[in-house]
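Below is one structure, written out as structure tokens; the observations come after it.
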Amino acid sequence: MSVREMVVTAAEDGGRVDRVVTRWLTGVSRVRVQQCIRTGALQVNGRQTKASHVLRRGDRIRVELPETEPPLDVSPEEIPLQILYRDDQLVIIDKPAGLVVHPGAGIRQGTLANALVHHFGRLPGTEELRPGIVHRLDRDTSGVMMVTLTAESKSRMAEMFRRRELHKEYQALVYGAMNEPQGVIEKPVGRHPVHRLKMTTRAPRSRPCKTEWSVIRQFPAFTQLRVILHTGRTHQIRVHLASLGRPIVGDLLYGGRRHLQINDMTVRQAIEGLGRFFLHACRLRFVHPFSGDVVDVTAPLPSPLTKFLQLLEQG
């Protein structure tokens, strides 16, 4: 057992304890740091804490680490994947709605990570339960998602995401009509202070976010939108559109039971039958970090969403 101690600096003030300690402990995964937090092996100012705890300058952190870190693993599962693009460095898939990206919060099986290990073997980041993963889609968001196959491509693509060098385009269907044919939402997003599963544009501590939208088609009670994501915060599109009073159809977390206000019972029942919200990552475009070629991958709307639009057209 080794004991490591640190004092939070001004540069680290305001950071989450799990992220700050992971950067500080070379060679120790964030998952392992979170395990230390849960077991009480990591303490802040002599007290047990949570992974989401926000640090302040001068806080004292103490971590008890075993001499060897127990290996983490992702068990391979034969889950089918729809591959849209593949080369020696990258794979781009069309993720279905309902598929969780990686293990966490009690979920160990049936995730995209389990499928990736089955199809491609041990990928960079497997020891952190994130094999090849450099970005995520919410469980009920479908569409284009990239996976890296090598440590070098993972590093380069992570940097490109950080620098916002990728074009990420979505389609969404929202309740009601937009006031303009297009617009930009620039509101900071952070964790809701009370409802911890939600994000909000009114959080005490938040990060800048930018979402661009334009109307594709207007229906009597709905609007189909093209959405371009300029930043990549948790639930960003869902939170931003809900902040305009236009939550995404089927999104119970940010739209509540808005569908009950729809007078057409057939449409109302169809929303309930979707079992997901109407958000789809339809396009990913970027300059390949190795070849320099432009990679432009699209994924069509899945059948349930297409059929729902057809129902609206008939009305």
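Each reported figure results from applying straightforward, stated rules to the coordinates on display, with no laboratory input. Bear in mind that the values here come from a model prediction, so they are computed numbers and not experimental data. Because the Cβ atoms are built from the backbone with ideal geometry, glycine has one as well, and the counts that use them run over all protein chains shown.
A few points about this structure:
- For ILE216 and MET265, the FRET efficiency from 1/(1 + (r/R0)^6), where r spans their Cβ atoms and R0 equals 22 Å, is about 0.30.
- Magnitude of the charge dipole for region 133-263, about its Cα centre and with charges confined to Cβ atoms of Lys, Arg (+1) and Asp, Glu (-1), is about 500 debye.
- All aspartates and glutamates inside 12 Å of LYS95 as judged from Cα atoms, apart from same-chain residues fewer than 8 positions distant: ASP138, ASP140
- In region 46-134, inverting the average of 1/r over every pair of distinct C-alpha atoms gives 15.6 Å as the Kirkwood radius.
- Reach of LYS50 by Cα under 18 Å, taken over lysines that are not fewer than 8 positions away in the same chain: LYS198
- Inter-part distance, region 79-107 to region 9-60, computed on C-alpha centroids, equals 30 Å.
- Calculated FRET value between THR9 and HIS192, using beta carbons and R₀ = 30 Å, to 0.05: 0.60
- Nearest-20 debye value, region 233-312 charge dipole, Cβ charges on Lys, Arg, Asp, Glu: 240
- Filtered chymotrypsin sites (Phe, Trp or Tyr not before Pro), region 235-305: DSSP coil and at most 14 other beta carbons within 10 Å: PHE290
- Sorted largest first, the principal axis extents computed over the alpha-carbon atoms of region 181-253 equal 35, 24, 15 Å.
- Stretched out straight at 0.36 nm per residue, the stretch from PHE161 to GLU313 would grow longer than its current Cα-Cα span by 51.0 nm.
- Computed over region 167-314: relative contact order in percent, which uses C-alpha pairs under 8 Å that are six or more apart: 25
- The dipole here belongs to the chain: it is taken about the Cα centre, uses +1 on the Cβ of Lys and Arg and -1 on the Cβ of Asp and Glu, and is about 1240 debye.
- Shown in residue order for region 303-315 are the 3J(HN,Hα) couplings computed by the Karplus curve 6.51 cos²θ - 1.76 cosθ + 1.60 at θ = phi - 60°: 3, x, 6, 4, 5, 5, 4, 5, 4, 5, 5, 6, x Hz (x for Gly and Pro).
- A Förster distance of 30 Å, applied to the separation of the beta-carbon atoms of THR150 and SER75, puts the FRET efficiency at 0.85.
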